Amino acid sequence: MPMPDDRFQVNPVTPPPFSSERVMLPLPSEIDFRNADGLLPLIMYQARSGSEGPARVMVLDLSGTRFMDSQGIRLINDARRLLLPHTRVHLVALPESVAGRVLEVTGLRRDVPVYDNLPEAMAAQADAMAPDIATNTRVSLDELLDFVRPRHRAVLLTRRADGGPQGSPLTCGVDDSGRIVVSTYPERAKTRNARQDPRVSLIVLSDDWNGPWVQIDGTAEVLDVPDSVEPLVEYYRNIAGEHPDWDEYRAAMVKQGKSLIRITPERWGPVATGGFPARLAEGD
């Protein structure tokens, strides 16, 4: 008989001092491509199996997880997406553990509550049970750029020739001069629109759909080859790090005729999160 694999061993727990609205699930010692897909239905079942309906809070305990790669991040994001709006996901991860470092590097720690130990996570549940209240946080330019740098999903709004809006979902980055940069092609509608009217807006989103976001208004500049090549190198480096062969990358940019749109921020709204109006929390 084959020995059990602890990659799939999880022991769902509902701590006695807490109601079935709060559920804790210890995750296995390793989370990767071999078990991530199998863990998702376990999380969903545990969150929804209470006699009084779905749990309000699901605490995923990573304190015993010694290895976790991008599949673990995908697992957590998928669970959060599928469990909303009835159940919120909170995490427990030791600060210096592999799981804790992965949460930090990927930016997920900014978008989901992470606690250093299980008692802290469970003690914080009273506040977590309250409804999400929408927030608006005013930020300086430096704070704005710090918010945007780890977030690469955005929607660019340009103006068509008739003045109507054109929306384009895309990947963005921040260059060394503090401009928002977008890789594109000269034939794209957003590129043509930005040439004829440089007034643009960019909505920068978090990886988590329910995470914070911000709108940035500014002036766009379009660069074509050969002027776009070195800015495209900087764009790639600032988003993905070093390329294994920069000469090959430069040649590919020239061959493809890639362009770059760079946007100088001139006005921006607050960093916002969705939720209920604050008036609904009054009197709680």
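The values are calculated or read from the model by the stated rules, or taken from the named source; none is laboratory data. Just so it is clear, the structure is predicted and the values come from calculations on it, not from any experiment. Every residue, glycine as well, gets a Cβ built from its backbone with ideal geometry; the counts of neighbours run over all protein chains shown. Calculation scope for accessible area: heavy atoms of the full protein, side chains included, ligands and nucleic acids excluded. Shrake-Rupley method; radii C 1.70, N 1.55, O 1.52, S 1.80 Å.
Quick look at the values:
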item: Förster-model FRET efficiency, 25 Å R0, V233 and R74, C-beta, rounded to 0.05; result: 0.30
item: Label-point separation, V254 to T137 (7 Å along Cα→Cβ), nm; result: 4.5
item: Rounded percent of accessible protein surface that carbon and sulfur make up, the chain, 1.4 Å probe; result: 53
item: Segment D247-V155, extension gain: residue separation times 0.36 nm, minus the distance between their alpha carbons; result: 30.1 nm
item: Volume per residue of the C-alpha convex hull in the chain, rounded to whole Å³; result: 181
item: Heavy-atom accessible area per residue - region 140-284, 1.4 Å, Å²; result: 54
